[in-house]
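Below is one structure, written out as structure tokens, with a few remarks after it.
The values are calculated or read from the model by the stated rules, or taken from the named source; none is laboratory data. Predicted, not measured: the structure shown is a model, and the values here were computed from it. Positions of Cβ are generated from backbone atoms using ideal geometry, with glycine treated the same way; all protein chains shown enter the neighbour counts. For the accessible areas, the whole protein counts, side chains as well, though only heavy atoms, and no ligand, DNA or RNA atoms are used. Shrake-Rupley method; radii C 1.70, N 1.55, O 1.52, S 1.80 Å.
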Amino acid sequence: MRASASYSSPYTYEQTYSTALRMLRVDLGLKVTEKDVENGYILFEYTSPESGKRVCAGAVELVKSKQRVQV
């Protein structure tokens with residue numbers, strides 16, 4: 001099963017990236033497995049309530065545009 005969502009952030013790339021990383025690590029308590037600020041991605045592991053105890057892989061991708069950051 002795959003899921004996706006997108007968001008257009010009005011904040012700077014650096015603000016959006018650091019906020020996404022903080023949300024994953026601190027707020028949600030997820031394990032970040034890889035990150036690259038220059039290439040705009042964060043990989044993490046999570047356990048979905050629907051999957052029982054199975055660990056699933058997740059990713060956040062950030063793309064710079066002229067006025068916004070697409071997440």
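Key figures for this structure:
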read-out: Criterion violated by LYS31 - all others in (1) at pLDDT 95 or above; (2) closer than 19 Å to SER4 by Cβ satisfied; value: (2)
read-out: Residue list for the range 4-13, filter: open to solvent by less than 100 Å² (accessible area, probe 1.4 Å) and in a loop (DSSP other than H, G, I, E, B); value: ALA5, SER6, PRO10, THR12
read-out: Scope the range 14-71; condition part of a loop (DSSP other than H, G, I, E, B), touching a Pro at 6+ places or on another chain (Cβ under 9 Å) and surrounded by 14 or more Cβ atoms within 10 Å (Cβ to Cβ); matching residues; value: ARG68
read-out: Subset of the range 41-71 [over 17 Å from THR19 (Cβ atoms) and of a type in the set (Lys, Arg)]; value: LYS53, ARG54, LYS66
read-out: Selection status of SER48, in contact with a Cys (Cβ under 9 Å, 6 or more places away or on another chain) and either touching a residue at least 40 places away in the same chain (Cβ under 8 Å) or not aliphatic (A, V, I, L, M) (or both); value: yes
